[in-house]
Amino acid sequence: MASENNVYMVIGGNGFLGRHIVQQLLDRGDLVSVFDIVERYNDVQFYAGDITDQESIASALRKSGTTCIIHTASPHATLNNPALFHKVNVEGTKTIIAAAVETGVRKLVFTSSAGVAFNGADVIDADERVSFPKVPMDAYNDTKAKAEVAVLEANGKGGLLTVALRPSGIFGPGDRQAMSGLYQVYERGQTHFQIGDNTNLFDWTYVGNVARAHLFAADKLDNQPPAPPLSALEKIPMTVDEVPPLNDAEQALLNFPVLPIDITTGHHQIPTCEARPLGPYVTPPPNAEKIAAAFEDPNYERTPRPVLRTRFDQLSEPALKRAKLSRPDVHPLQVAGQVFFITNGEPTYFWDFPRMRSPRGIIKLPKSVGLAAATGSEWFGWLTGKDVTFTKFKVTFSCATRYHNIEKARRVLGYEPEVGIEEGVKRMVEWWYADYLANQKKSSK
């Protein structure tokens, strides 16, 4: 369904993620234009320009009548060009913010990265409270973090509402970078080599799911929070004990159960005291039939599955009160001024993902698997017989556990991944192979 009264501009809309966002906006009937360096499609209004040129951006915003910017533009993370990262990610983002305020744009959705919270150590079920590392893992995510800060600080200035999304491991149709590399590994017969022991879980995220999250964020940016921020109260509380208890609207947002994501793994149920299989018994418990029926009922909204939290949960009442105190102008359950991790919600062992499929079917590993220890390029190159460039970052990236908690995105944005890992890989491979064949046909003419 088209968003009422919004005209969208996707900056970087001809890139991998940007194009998926443009297509989803078109599919639901929205007005959309693209600001980018090169024009690749002719189905939307296109504006060429440099995102560090404020007048260029402001002119495009005025001509298009844009009310909502979705900013996805960024150099590819594999480039070794810190100066370019800073120019595009930091200076470019600040320029976009200035142009948006100048032209009265109401909304800005920014594509950040889950990597802003990664410093080489394991990231295990991390939520949005995780802070930026003091020593960044790489220049790309360092500049992404600085751009994210600029976006959040701009929230509310000049009437602009902002939000940042942190996707992890984006893949899918249109991804020429990762798929080309995976195919080269396949052609060289190197699929049986790996770095590390493959016990590290990693969040891969289907590009269409990431694009949908951007649309959800844009749609809900101007929604009112479930309770006023503390700054709106007559007297701003100074301690956690003085913060008002959660009201009915806040409780309603937090107290319905969100079920495990099982798109790839298949449906599974979690028993509770009031919804469980009964098993053998001598004397049935009270309400036995009701308990068993509740376990089989797929409609969780009418089935008692209690939401239990500890004080360490970011959505517990104590944690929310602390969040309100730390940012009295922003309610922790609103969209504007917030960050959200966006993943498929189904972490996968790192090396299981690239081995899932090939253009010729499932890749079957031989019985004897060569295991490359994480000691750098010499060992890996000796095993493969190829010259490879393996940096400390690439080795660390391949061996670290990195998965994130997306409950906040599910509750506040209403985000739910629609395409699972397995189906997403199938779509990516089928797209890439069709594109590969088409290019082969062109080159043979």
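Note on PHE312 and ILE261: their simple-model spin labels are 2.3 nm apart, each label 7 Å out from Cα toward Cβ. For the peptides 277-283, 407-413, residues were scored by their other Cβ atoms within 10 Å and the scores averaged per peptide; the highest-first order is 407-413, 277-283.
Other residues whose C-beta falls under 10 angstrom from the C-beta of ARG129 contribute a net charge of 0, scoring Lys and Arg +1 and Asp and Glu -1. Computed over segment 96-216, the Cα gyration tensor eigenvalues convert (square root of 5λ each) into semi-axes of 33, 18, 13 Å, ordered from largest to smallest. For LYS290, the aspartates and glutamates whose Cα falls under 15 Å of its own Cα, not counting residues fewer than eight places away in the same chain, are GLU274. For segment 192-290, a Kirkwood hydrodynamic radius built from all Cα pairs, placed in the Stokes-Einstein relation at 37 °C and 0.692 mPa s, yields a translational diffusion coefficient of 164 µm²/s. Just so you know, the averaged projected area of the alpha carbon convex hull for segment 34-132 sits at 8.1 nm². Put simply, the Cα atoms of segment 201-245 extend 45, 30, 14 Å along their principal axes, the longest span coming first.
Evaluated over the Cα positions of segment 247-297, the convex hull gives a direction-averaged projected area, one quarter of its surface, of 5.3 nm². Report note on the peptides 105-114, 195-204: ranked by the mean count of other C-beta atoms within 10 Å, highest first, their order is 105-114, 195-204.
Using the reciprocal of the averaged 1/r over all distinct C-alpha pairs, how large is the Kirkwood radius of segment 158-200 in Å? Result for segment 158-200, one decimal place: 14.1 Å. Here the 3J(HN,Hα) profile of segment 44-49, calculated from phi with Karplus coefficients 6.51, -1.76 and 1.60 at θ = phi - 60°, is 9, 5, 10, 10, 8, x Hz, Gly and Pro shown as x. With 32 Å as the limit on Cα-Cα distance, the pairs of LYS94/LYS134; LYS321/LYS394; LYS107/LYS408 that go past it are LYS321/LYS394. Computed extension gain for ASN198 through LYS441, at 0.36 nm per residue and net of the alpha carbon distance, reaches 83.7 nm.
Solvent exposure of the chain, expressed per residue, is 50 Å² of accessible area, with all protein chains present and a 1.4 angstrom probe. Only protein heavy atoms count here; under a 1.4 Å probe, PHE85 has an accessible surface of about 10 Å².
One Cα centroid belongs to segment 39-61, the other to segment 177-251; the line between them spans 28 Å. Largest first, the residues SER231, SER443 sort by 1.4 Å accessible area into SER443, SER231. Surface composition of segment 46-185: carbon plus sulfur atoms contribute 53% of the solvent-accessible area (1.4 Å probe, protein chains only, all chains present). Other residues within the sphere of radius under 15 Å centred on the Cβ of VAL339, judged by their own Cβ, net out at +4 (K and R +1, D and E -1).
The values are calculated or read from the model by the stated rules, or taken from the named source; none is laboratory data. All values derive from a computational prediction rather than experimental measurement. Glycine gets a Cβ as well: all are built from the backbone with ideal geometry, and neighbour counts include every protein chain shown. Just so you know, the surface numbers come from the protein's heavy atoms only, side chains and all, with ligands and any DNA or RNA stripped out. Shrake-Rupley method; radii C 1.70, N 1.55, O 1.52, S 1.80 Å.
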